[in-house]
Amino acid sequence: MVKAKSIFHNSRAWEKVRRRILPRDLYTCQLCGVILKSGRTDPRAANVDHIAPRHTGGGDEDENLRALCRQCNATRAENKPRKFGWDDGWETP
């Protein structure tokens, strides 16, 4: 499954999703509020995050996606949002 995920997230289809979600969210991180930057290495780099993770049944619908900065996305992926006082409504399965 990891291989399929990386293929999808490097695809033209995912780029279309990013081009829809980032402007919808005004290129602003939906957790910390920072204005997102282009590129992949900047801590403020634009990421599109699944609110309900795909492995718990979350889909690729726009309602389940949001713009996050690279730093918030990495922190969330490490399952530590509440450590920083973020309560985004996401529960650990």
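List, in order, the whole-Hz ³J(HN,Hα) value for each residue of segment 49-62 obtained from phi through the Karplus relation with A = 6.51, B = -1.76, C = 1.60 and θ = phi - 60°; use x for Gly and Pro.
Result, ordered by residue: 10, 7, 5, 9, x, 4, 5, 9, x, x, x, 9, 5, 3 Hz.
Enumerate the amide H contacts of Val34 below 5 Å, restricted to partners 5 or more residues apart or on another chain; note that Pro and chain-start residues carry no placed amide H.
Amide H neighbours of Val34: Cys29.
We did not get these values from a lab; they are worked out from the coordinates using the rules stated. Values in this document were obtained by computation on a predicted structure and should not be read as measured data.
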